[in-house]
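Student: Take this structure, written in structure tokens, and hold onto it; I'll ask about it next.
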Amino acid sequence: MKDTRREFLQKVGVSAVALQLASVTTWAKNAKAEPVYDGPVLRVAILGLGSYATRVAEAMQGCTKAKLVGLISGTPDKLAKWQAKYNIPAKNCYNYQNFDDIKHNPDIDAVYVITPNALHPDFVIRTAKAGKHAISEKPMAANVQQAESMIAACKQAGVKLLVGYRMHFEPKTLEVIRMRKEGELGKIQFFQGLCGFRIGDPKQWRLNKELSGGGSMMDIGIYAVNGSRYMTGEEPIWVTAQETKTDPVKFKDGIDETIQFQFGFPSGATASCLSTYMQNNLDKFFLNGEHGYAEMQPSTNYGPIMGHTNQGELTQPTTVHQAVQMDEFSEIIFHDKQPPVPVDGYEAIKDLKIIAAVYEAAKTGKKVSISV
Ligand code: NAD
């Protein structure tokens, strides 16, 4: 029945995001009526109208506590199309040159930067200087130094800096974290994170170190790094790593194709992870404790996330990650809500410090100490 409906919707051209929204709406309708939200709505401008921004904008149509109200783009055509599609007033549209004028716009609370990684810092710093809250995509920057400058600028301006870690709000992920925190898995002994996909176009910014800061580790391996931390509840203290490169033309110096890495944690737990731009079907987490385990596959894609533990299947609802993230960001910004796993700059810079240590371990062949 569900498959037939999905096939029908796909035939009539409904996008994957719309399909997810439809399922969630159906689920919501069947659930008990929620009280109508009458709190503050986070008014967001998206900067960089590329493929992930498209997904975020669609998902935000399902938000109750956040709303897409502004656009910033370097491409006039795109700006016009988006403006018409989302009914955005011209006074809330900017290009990269006049973007700083946003400081005089009282109708925008936050700017969500969704550009190539190395451009996040400059736009986040400009956002902070304009007195607006900054949301950056992951990785928050192309390196640790850039990330430090973003944190400093937001601190100085007294605005919040949040990073798009959508998995920190995903219900099945949160259930595994709850089980681990409440001791249901016993002492954690091991985490495995496998993250990868086969990357296409050799000319894209993801394969240009100036814009990306690195290869698969910066883009997809970061999910294993971040996952190893929220799954175990610990920070790694050492790393060993091995790099393999089968296509040195496509994956030039500084752009890692495949890296396997191992972490040690203070408790004695270890992790074994794989990050690659050369294999599909790699999206799997496994967490093992003395009394139980959790296995998730897919573990970090747009969903539905699926998984089971030694207690049975994970049955928490499927959500539109970006919609939940933006509603939660609204709560964090307006009410200082503390999410179960932090999403601020201080949290995100740790991933960049750990990735730098992974790169050093892969380059030197040595066990590298980590202190985040
Ligand atoms: P994309 O190439 O589809 O879009 C990038 C956008 O930035 C485009 O609109 C492009 O016009 C703009 N841009 C501005 N200056 C540019 C320049 N000098 N070179 C190239 N593009 C420039 O990329 P994307 O997949 O949307 O990724 C954008 C960011 O979002 C990245 O940081 C990426 O890691 C992140 N991302 C996050 C998730 C997630 O699940 N959280 C998923 C995908 C991407």
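Student: Could you pull out the residue among Ile151, Ile108 that is outside the structural domain of Ile355 (by TED's automatic domain parsing) and closer than 21 Å to Lys350 by Cβ?
Tutor: Details: Ile108 fails: closer than 21 Å to Lys350 by Cβ.
Just one listed residue meets the conditions, Ile151.
Student: Within the range 145-180, can you find the residues that are of a type in the set (A, V, I, L, M) and within 16 Å of the ligand (Cβ to nearest atom)? Reasoning before the result, please.
Tutor: Taking the range 145-180 as the starting set, the residues that turn out to be of a type in the set (A, V, I, L, M) are 147, 150-153, 157, 159, 161-163, 167, 174, 176-177, 179.
Ala147, Met150, Leu161, Leu162, Val163, Met167 - these are the residues of the range 145-180 that are of a type in the set (A, V, I, L, M) and within 16 Å of the ligand (Cβ to nearest atom).
Student: Determine if the range 197-208 includes at least one residue that is buried (at least 21 other Cβ atoms within 10 Å of the Cβ) and assigned to a loop (DSSP other than H, G, I, E, B).
Tutor: No: zero hits.
Student: Tell me the residue from Leu211, Leu185 that is in the same structural domain as Gly292 (by TED's automatic domain parsing) and either part of a strand (DSSP E or B) or crowded, with 16+ Cβ neighbours inside 10 Å (or both), please.
Tutor: Unique residue meeting the criteria: Leu185.
Student: Is it fair to say Gly131 is assigned to a loop (DSSP other than H, G, I, E, B), within 16 Å of the ligand (Cβ to nearest atom) and open to solvent by 20 Å² or more (accessible area, probe 1.4 Å)?
Tutor: It is false that Gly131 is assigned to a loop (DSSP other than H, G, I, E, B), within 16 Å of the ligand (Cβ to nearest atom) and open to solvent by 20 Å² or more (accessible area, probe 1.4 Å).
Rundown of residues vs (1) more than 21 Å from the chain's Cα centre (by Cα); (2) over 20 Å from Arg206 (Cα atoms), yes/no style:
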| position | (1), (2) |
| --- | --- |
| Cys273 | no, yes |
| Glu290 | yes, yes |
| Gln297 | no, yes |
| Asn301 | no, no |
| Gln325 | no, yes |
| Pro339 | no, yes |
| Ala356 | no, no |
| Thr364 | yes, yes |
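Student: Let me ask something additional. Return the total of residues in the range 134-182 being part of a loop (DSSP other than H, G, I, E, B) and open to solvent by 50 Å² or more (accessible area, probe 1.4 Å).
Tutor: If we filter the range 134-182 for residues that are part of a loop (DSSP other than H, G, I, E, B), which is where we start, we get 137-143, 158-160, 164-165, 170, 182.
So of that shortlist, the ones also open to solvent by 50 Å² or more (accessible area, probe 1.4 Å) come out as 143, 158, 160, 182.
The number of residues fulfilling the criteria is 4.
Student: Sticking with this one: For the range 65-79: of the residues being closer than 17 Å to Val41 by Cα and of a type in the set (Lys, Arg), which is least open to solvent (accessible area, probe 1.4 Å)?
Tutor: Ranking the candidates gives Lys65 first.
Student: Going by what's in this entry, would Val343 be described as open to solvent by less than 10 Å² (accessible area, probe 1.4 Å), within 26 Å of Val69 (Cα to Cα) and β-branched (Val, Ile, Thr)?
Tutor: So Val343 passes the test.
Student: Could you list, in sequence order, the residues of the range 89-104 that are open to solvent by 10 Å² or more (accessible area, probe 1.4 Å), out of contact with any Asp or Glu (no Cβ under 9 Å at 6 or more places or on another chain) and either away from the ligand (no atom under 16 Å from the Cβ) or outside any loop (DSSP other than H, G, I, E, B) (or both)?
Tutor: The answer is Ala90, Cys93, Asp100, Asp101, Lys103, His104.
Student: Let me ask something else. Suppose we filter the range 59-84 for residues that are within 27 Å of Leu211 (Cβ to Cβ) and free of Cβ contacts under 8 Å to residues at least 60 places away in the same chain; how many remain?
Tutor: 15
The values are calculated or read from the model by the stated rules, or taken from the named source; none is laboratory data. Only a predicted model underlies this, so the values are computations on that prediction, with no experimental measurement involved. Here the Cβ is made from the backbone with ideal geometry for all residues, glycine too, and neighbour counts use every protein chain on show. Side chains included, ligands, DNA and RNA excluded: accessible areas come from the protein's heavy atoms. Shrake-Rupley method; radii C 1.70, N 1.55, O 1.52, S 1.80 Å.
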